[in-house]
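Below is one structure; the comments refer to it alone.
The values are calculated or read from the model by the stated rules, or taken from the named source; none is laboratory data. Keep in mind that this is a model prediction, so the values were computed, not measured. All Cβ positions, glycine included, derive from the backbone under ideal geometry; neighbour counts span all protein chains shown. Ligands, DNA and RNA are excluded from the accessible area calculation, which covers all protein heavy atoms including side chains. Shrake-Rupley method; radii C 1.70, N 1.55, O 1.52, S 1.80 Å.
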Amino acid sequence: MAILETSSFMSDFVRQAGGAAVIDGGLATELERHGADLNDPLWSAKCLLSSPHLICRVHLDYLEAGADIIITASYQATIQGFEAKGFSREESEALLKRSVEIACEARDVYYDRCSKGLPDGTGDEKILKHRPILVAASVGSYGAFLADGSEYSGNYGDAITLETLKDFHRRRVQILAASGADLIAFETVPNKLEAQAYARLLEEEDINIPAWFSFNSKDGVNVVSGDSLLECATIAESCKRVVAVGINCTPPRYIHDLILCLKKVTTKPLLIYPNSGESYDANLKEWVQNTGVSDGDFVSYVNKWWQVGASLIGGCCRTSPNTIRAIYRTLSNRSAASQQH
């Protein structure tokens, strides 16, 4: 059942999690590791059609690694994208709903395992426990639908207006808002215009659900389009339904300064889930190897992010359940220490 927005929604959740909550990690990489072929404009959403059981398995892997929030396989799932594949409007909407159902099913399986006291297979009994878990319905940008890499540039051209983006996203957001998700994750927001479109949609009467805005940056100062992060975050701050603001799919080395920037304009909880630091080649549609950081190096940043104000931390592209398990352990140690003082 979806939880309706209140001003303290995410703050209360973080408090229940011990002062720091864990977001899951990369989905597509894990699906590929389990044998999925994602060479498709639908990307990870292709598995909603071909192998939903793999999506459920990856969600469960992240829950068993300690994630408090799992994000649905709907980042690249759009009604327009499904229709381009020959599906009807009704079938397309059903696939969007299915992305949330799968995540909720994974949560139920996890809770069932907890109730039976089953081990998680890692020897870390602290991770496998019954705890509040949120399902965040992912909404990718217009650039994600285009599948041409423009989500990493934010350059949509002059023909794309605020109304164009609102019309493009509206029905998908309506469907996800009524799907049983706990909140909507507007992810990898590349420019100010799309942030404005999301904020306007959240003000519409038939979209009654909390949300987070998560921007991406390639210079540690602005969002990828070159728009001011301060201006983008101010839009999120002024929207009552936005319960957290942050950064995703951005190299870890930029995160510290971006957190400090966000704190200048928002009082909402800050969420951080960077990529591994690797570069994405939009022409080859693949991540460039040997440009990222190891799990150990990635997790070494976590204490610093937590200390300067991030209260929800996870991973994005090219991170794994191992990454999330290490984040969980790090944040558990930090939150336990803070409660002792």
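Quick notes on this structure:
- Any hit, the stretch 151-161, residues being modelled with pLDDT of 90 or more and either open to solvent by less than 20 Å² (accessible area, probe 1.4 Å) or not in a loop (DSSP other than H, G, I, E, B) (or both): yes
- The stretch 197-223, residues that are surrounded by fewer than 24 Cβ atoms within 10 Å (Cβ to Cβ) and in contact (Cβ under 8 Å) with a residue 60 or more places away in the chain: Asn208, Ile209, Lys218
- Unique residue being within 23 Å of Asp182 (Cα to Cα) and among the polar types (S, T, N, Q) when the list is Thr250, Thr234, Thr267: Thr267
- Figure legend. Inter-residue proximity from the stretch 304-322: first residues under 15 Å from Ile247 (Cα atoms), second residues among the basic types (Lys, Arg) and open to solvent by 30 Å² or more (accessible area, probe 1.4 Å), beta-carbon distance below 6 Å, spacing 6+ or different chains. Indicated pairs: Trp306/Arg334; Gly309/Lys263.
- Conditions (1) touching an Asp or Glu at 6+ places or on another chain (Cβ under 6 Å); (2) within 20 Å of Cys316 (Cα to Cα); (3) hydrophobic (A, V, I, L, M, F, W, C); (4) open to solvent by 10 Å² or more (accessible area, probe 1.4 Å); number of the one not met by Leu54: (1)
- When restricted to residues that are touching an Asp or Glu at 6+ places or on another chain (Cβ under 9 Å) and modelled with pLDDT under 95, the stretch 201-219 contains 1.
- Search result, residues across the stretch 174-202 that are hydroxyl-bearing (Ser, Thr, Tyr) and assigned to a helix (DSSP H, G or I): Tyr198
- Of all residues in the stretch 17-36, none that is open to solvent by 20 Å² or more (accessible area, probe 1.4 Å) has its Cβ atom under 9 Å from the Cβ atom of a residue that is at pLDDT below 90 and among the β-branched types (Val, Ile, Thr), 6 or more apart or on another chain.
- Filter pass, Ile69 being under 23 Å from Arg318 (Cβ atoms), open to solvent by less than 50 Å² (accessible area, probe 1.4 Å) and touching a His at 6+ places or on another chain (Cβ under 9 Å): no
- Of all residues in the stretch 172-189, those that are open to solvent by 10 Å² or more (accessible area, probe 1.4 Å) and touching a Gly at 6+ places or on another chain (Cβ under 9 Å) total 1.
- Where Gly226 falls short, out of the listed (1) in a loop (DSSP other than H, G, I, E, B); (2) in contact (Cβ under 8 Å) with a residue 60 or more places away in the chain; (3) touching a helix residue (DSSP H, G or I) at 6+ places or on another chain (Cβ under 9 Å): (3)
- Set Asp108, Asp61: member being assigned to a helix (DSSP H, G or I), surrounded by fewer than 16 Cβ atoms within 10 Å (Cβ to Cβ) and at pLDDT 95 or above: Asp108
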